[in-house]
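What follows is one structure encoded as structure tokens, with my remarks underneath.
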Number of protein chains: 2
Amino acid sequence: MSLAATGAGPRRLHLNVNILHSGFVPSAWRLAEADPRAFIDVNHYVRVAQMAEAAKFDAVFLADNAAIVDQIDFRPITALEPTVLLASIAAATTRIGMIGTASTSYNEPYNIARRFATLDHVSNGRAGWNVVTTADLPSARNFGRDAVPDHAQRYERADEFTGLVKALWNSWEDDAFVGDKTGGRFVDVTKVHPVAHRGRYFDVQGPLNLPRSPQGHPVLVQAGGSSDGRDLAARHAEAVFSASQSFEESAAYRRDLNARAAAYGRPGVKVLAGLTTIIGATEADAVRRRDELVDLIPWRYSLNRLAGTLGIAVERLTLDQPLPHDLALPAGGNGNHTFFHATVAQARRHGYTVRELIRSLAGGTGHRVIVGTPEQIADDIEHWFKGGAADGFNLMPDALPDGLRDFVEGVVPILQKRGVFRTEYDGTTLREHLGLARPYTAGSLLKRA
Amino acid sequence: MSLAATGAGPRRLHLNVNILHSGFVPSAWRLAEADPRAFIDVNHYVRVAQMAEAAKFDAVFLADNAAIVDQIDFRPITALEPTVLLASIAAATTRIGMIGTASTSYNEPYNIARRFATLDHVSNGRAGWNVVTTADLPSARNFGRDAVPDHAQRYERADEFTGLVKALWNSWEDDAFVGDKTGGRFVDVTKVHPVAHRGRYFDVQGPLNLPRSPQGHPVLVQAGGSSDGRDLAARHAEAVFSASQSFEESAAYRRDLNARAAAYGRPGVKVLAGLTTIIGATEADAVRRRDELVDLIPWRYSLNRLAGTLGIAVERLTLDQPLPHDLALPAGGNGNHTFFHATVAQARRHGYTVRELIRSLAGGTGHRVIVGTPEQIADDIEHWFKGGAADGFNLMPDALPDGLRDFVEGVVPILQKRGVFRTEYDGTTLREHLGLARPYTAGSLLKRA
């Protein structure tokens with residue numbers, strides 16, 4: 001771990017694996033080689049993480065929901081809580097980053113600051129927090145609400161929450177801990193500062209009851225395509241998990257986000273585009289695999305899920321017709337903006353019927369899916385990276401661990417041979433993998449001035 | 001893991017190690033062999049847990065605070081968050097239980113249910129939750145309050161909170177997960193039940209987004225000496241962490257707790273008495289070690305801490321005088337009832353001056369301290385256990401890991417030779433170690449009737 005700011009040197013490609021239990025495709029658990037219990041089996045997550053670490057990935061990523069938000073009669077859900085699960089994974093790995101999702105709508109800032117700082121300590125500097133605001137009704141109803149708080153309010157709370165978590169993380173100066181046995185001096189309390197925050201949503205005195213963590217603080221990640229979401233990312237995030245179906249959309253998103261960050265006087269934000277891979281030895285093999293996986297998904301399931309993404313009644317969707325023409329985000333600005341727009345754009349761009357749309361999304365809710373050979377996928381990744389559409393990818397293999405194995409055995413060596421992806425870690429922390437500067441505390445900034 | 005209720009067979013002694021960072025005595029970090037950074041070093045906790053597991057202990061136990069509640073200028077504090085830390089420790093152990101503390105005053109029931117159920121999954125059935133209500137002002141001020149909620153209100157909330165967490169843990173029947181690849185049926189949703197809780201403090205719809213965990217649910221532990229605390233334990237706890245200075249007090253406490261539990265139609269509650277050990281080859285060696293440790297604690301620190309326990313101004317304490325005569329728990333019922341009473345009783349019983357009292361407590365806040373040879377300590381443990389003053393002990397060695405090493409090398413073999421303590425685990429879950437029955441869900445009870 002270096003105390004100096006990093007970020008110099010050539011631009012580097014970043015790869016995360018998003019461990020969506022059995023894989024991205026809702027039917028992945030039905031494959032012959034799959035264990036249906038994988039979603040609650042810590043060994044499954046450890047196996048995937050170790051495979052990604054052997055391939056020198058930047059991080060594992062865990063999504064989260066605080067309710068059952070998908071159709072569990074048919075498919076696995078996000079179940080195990082990310083910070084606890086990541087601490088287990090961290091114990092079985094040494095270099096790869098550990099990014100976990102937690103909601104600002106249904107937690108307290110002090111608790112989140114502590115859990116992720118603890119994860120940073122136990123992983124020796126590999127923790128990241130993916131900030132989400134949680135837009136679904138079932139989650140709201142698990143936390144004393146009968147409706148989802150409106151979009152603007154969720155983002156206002158998230159902004160205050162995230163700023164406060166950063167202040168708590170920075171409440172101990174780097175050298176506050178002394179540990180002088182002879183003098184009997186444990187901590188220099190003049191270097192531990194209350195945050196004394198009095199805000200619209202939170203009153204928190206601080207300081208954190210935990211020395212500053214190995215990375216200074218965990219890496220801040222965010223995923224939000226709405227204007228409020230982009231603004232939150234621009235103000236706080238060091239990396240974003242984005243969803244764009246096309247190169248042009250992603251490049252425009254990345255330019256917009258970096259312009260917003262610059263307006264706040266902040267450095268660039270790493271754009272990690274969501275990407276599902278379905279890999280075959282030939283393109284025809286890959287298409288066959290995609291179709292086999294999609295055919296294992298009941299159409300009833302896919303129609304319900306698509307209707308949920310679009311915020312409409314399922315009766316309005318007909319498999320062999322195009323999408324309805326009058327689609328709009330629900331009033332109040334709820335629903336997932338990113339997935340709504342990505343899905344509608346994908347259908348319109350190709351003139352897809354509902355059936356073709358679902359097939360092209362591999363049963364997913366809006367992330368981009370590439371179906372092809374390792375060479376084709378490596379070309380695509382290189383094109384997006386070099387062309388400025390992304391700084392890296394949050395990979396969601398079709399099925400786990402096999403889809404990741406195909407990627408690390410087939411695609412990674414090509415990217416390495418082309419000099420696009422690292423062949424060895426050159427740091428030990430997630431912050432170093434991502435080329436992010438170590439944050440300074442208010443106290444240490446004074447000393448540098 | 002057995003589905004059948006356990007609890008039959010001879011009464012068994014239970015031993016936990018409470019990993020109070022560098023050890024129970026506030027100066028433990030100053031010993032020559034101590035690493036002052038141990039309190040934030042995951043490897044330290046893993047080392048202690050592995051030592052306890054090799055000695056066949058029931059569990060490791062982690063206390064918690066959500067603020068800096070001790071004098072960090074002089075000593076380590078509870079810093080790393082227990083559920084995240086325990087997940088790391090679980091990955092490095094296979095049998096020993098993992099009990100972590102979390103507050104009902106500053107968390108949401110859904111989040112706590114999920115984190116401890118996740119810990120139960122990742123540890124293969126070794127999780128326990130120690131329920132606390134958090135009585136200190138610094139914690140209150142980290143969660144939007146300018147005063148500690150009053151005692152009765154904290155316990156009323158804790159009761160609703162704990163009942164709700166149990167309901168969430170039981171919201172999936174044991175056989176709700178199907179995972180039938182051929183039929184495409186993942187979960188039998190008729191066996192997953194909302195909790196639909198509408199209470200005074202919480203409205204939670206449920207169900208949990210996580211199948212029932214390996215133990216049915218994590219073991220419920222509680223620590224509370226007040227009447228409200230005992231009642232909470234009687235209604236919900238399967239084991240308690242108690243603090244009594246004398247055999248008679250502990251036996252009376254155990255009888256009272258079990259009578260209260262019986263009145264609620266519940267089985268007996270395991271009483272695990274707090275016990276600090278200071279071990280020497282001879283009694284004189286042990287006393288010398290105790291005095292050496294106490295002499296490394298500044299009197300200023302000890303006086304402030306004792307004044308805090310008693311809820312009085314430090315100016316009212318004089319080292320070579322007895323305690324003031326007019327001590328009483330603060331109005332509103334706050335302060336730590338258990339430690340207040342244990343400390344006052346200890347001083348009065350022996351006619352101690354303040355200096356003698358602090359020495360007899362080894363600088364602690366009210367837990368019992370034994371200073372002696374392994375034989376003397378084994379005798380004491382056997383006496384308490386066989387005489388019905390305790391079902392086991394939550395050990396807080398003077399210094400870690402060395403004080404635990406002295407215990408497992410010196411005391412454990414004597415207890416094993418006498419047939420008082422196990423020589424091998426006979427189960428794999430914490431629930432099995434403690435001889436506790438597996439809880440049934442409402443659904444599975446219907447089927448058994």
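The values are calculated or read from the model by the stated rules, or taken from the named source; none is laboratory data. From a predicted model like this one, the values you see are computed outputs, not experimental measurements. Here Cβ is always computed from backbone atoms with ideal geometry, including for glycine, and neighbour counts include all displayed protein chains. These area figures cover heavy atoms from the full protein model, side chains too; ligands, DNA and RNA do not enter into them. Shrake-Rupley method; radii C 1.70, N 1.55, O 1.52, S 1.80 Å.
Report Rg/Rh for region A:12-64, rounded to two decimals, where Rg is the Cα radius of gyration and Rh the Kirkwood radius.
Rounded to two decimals, Rg/Rh equals 0.99.
May I ask you to report, in nm to one decimal and beginning with the shortest, the distances from A:Lys181 to the same position in the other copies, taking label points 7 Å along Cα-to-Cβ?
When each copy's label point is compared with this one, the spacings are 5.7 nm.
Got a sec to turn the phi values of region B:37-48 into Karplus ³J(HN,Hα) couplings, 6.51 cos²θ - 1.76 cosθ + 1.60 with θ = phi - 60°, whole Hz, x for Gly and Pro?
7, 3, 4, 10, 10, 4, 5, 5, 5, 5, 4, 5
Rg and Dmax of region B:309-449, Cα atoms, in Å?
Rg then Dmax for region B:309-449, in Å: 20.7, 66.
In deg cm²/dmol and to the nearest 500, what is the mean residue ellipticity at 222 nm of chain B if only DSSP H runs of at least 4 residues count, each as -39500 (n - 2.57), divided by the residue total? Spell out each step's value before the answer.
Values: 16 runs with 169 residues, N = 449.
My calculation for chain B gives -11500 deg cm²/dmol from helical runs alone.
For chain A, set up a Gaussian network in which alpha carbons nearer than 10 Å are linked by springs, and say which option among A:Asn107, A:Asn336, A:Asn124 fluctuates the most.
So, out of A:Asn107, A:Asn336, A:Asn124, the one fluctuating most is A:Asn107.
Give me the lysines in straight-line cross-link reach of A:Lys181: C-alpha distance below 20 Å, same-chain residues under 8 apart excluded.
Partners within reach: A:Lys191.
Check A:Val178: other-chain or 5+ apart residues with amide H under 5 Å from its amide H, H built from backbone geometry?
Distant-sequence amide H within range of A:Val178: A:Val187, A:Asp188.
If you take the Cα atoms of region A:194-253, find Rg, then find the Kirkwood Rh from the mean of 1/r over all pairs, what is Rg/Rh? It would help to have the intermediate numbers written out before the result.
Details: Rg = 16.1 Å, Rh = 14.3 Å.
Ratio of gyration radius to Kirkwood radius for region A:194-253: 1.13.
Please build a GNM for chain B, connecting alpha carbons under 10 Å apart, and tell me which residue among B:Ile72, B:Ile112, B:Ile312 fluctuates the most.
B:Ile72
Residue farthest toward the positive end of the dipole of the protein assembly as shown, with Cβ of Lys/Arg at +1 and Asp/Glu at -1: which of A:Phe241, B:Gly23, B:Ala399?
Positive-end residue among those listed: A:Phe241.
Return, for the Cα atoms of region A:98-184, the radius of gyration and Dmax in Å, separated by a comma.
16.6, 58
Mind telling me which of B:Leu272, B:Leu319, B:Leu357 comes out most flexible in a GNM of chain B, alpha-carbon contacts under 10 Å?
For chain B, modelled as a Gaussian network with Cα springs under 10 Å, the answer is B:Leu319.
Kindly report the accessible area of region B:240-361 per residue (heavy atoms of protein chains, probe 1.4 Å, no ligands, DNA or RNA), in Å².
Numbers: 5470 Å² over 122 residues.
Normalised by residue count, the accessible surface of region B:240-361 is 45 Å².
Just round it to a whole percent: the fraction of Cα-Cα distances in the protein assembly as shown exceeding 43 Å. Intermediate values should be presented prior to the final figure.
Working: 131217 of 402753 pairs.
In whole percent, the long-distance tail amounts to 33.
Under 16 Å from the 7 Å Cα→Cβ point of B:Lys386, by amide nitrogen: which residues of region B:353-380?
B:375-380
Rounded to the nearest whole Å³, what is the per residue volume of the convex hull around the Cα atoms of region A:36-95? Write down the numbers at each step before the final one.
Details: hull volume 5.2 nm³, N = 60.
Hull volume over Cα atoms, normalised by residue count, gives 87 Å³.
Return a whole-number percent for the relative contact order of region A:223-317, with Cα pairs under 8 Å and 6 or more residues apart as the contact set. Let's see the in-between values first.
Values: 85 pairs, mean separation 19.8, N = 95.
RCO, region A:223-317: 21 percent.
What span do the alpha-carbon atoms of region A:1-139 cover on each of the three principal axes, reported in whole Å from largest to smallest?
Extents along the principal axes: 51, 37, 27 Å.
Under a straight-distance cross-link criterion of Cα-Cα below 20 Å, which lysines are reachable from A:Lys56, leaving out those fewer than 8 residues away in the same chain?
Output for A:Lys56: A:Lys270, A:Lys386, A:Lys417.
Kindly tabulate the residues in region B:117-154 with an accessible-area decrease of at least 40 Å² between the chain alone and the assembly of all protein chains, using a probe of 1.4 Å.
Residues passing the criterion (a loss of at least 40 Å², heavy atoms only) are B:Thr118, B:His121, B:Val122, B:Arg141, B:Asn142, B:Phe143.
First obtain the Kirkwood hydrodynamic radius of region B:235-367 from its Cα pairs, then insert it into the Stokes-Einstein equation at 4 °C and 1.567 mPa s, and state the resulting D in µm² per second as a whole number. Before the final figure, lay out each step's value.
Working: Rh = 16.4 Å.
For the chosen part, D equals 79 µm²/s.
Can you list, shortest first and in nm, the gaps between the label point of B:Gln416 and those of its counterparts in the other copies, using a point 7 Å from Cα in the C-beta direction?
Sorted ascending, the copy-to-copy spacings read 4.6 nm.
Distance between the C-alpha centers of region B:267-319 and region A:257-336? Whole Å please.
Value for the Cα centre distance between the two parts: 61 Å.
How many nanometers, to one decimal and shortest first, lie between the label point of B:Asp35 and those of its other copies, if labels sit 7 Å from Cα toward Cβ?
3.2
On average, how much area does the Cα convex hull of chain B cover when viewed from any direction, in nm²? Mind showing how you got there, number by number?
Numbers: hull surface 88.0 nm².
Averaged projected hull area, Cα only: 22.0 nm².
Taking the alpha-carbon centroid of each part, what is the distance from region B:150-188 to region A:370-449 in angstrom?
About 38 Å separates the Cα centre of region B:150-188 from the one of region A:370-449.
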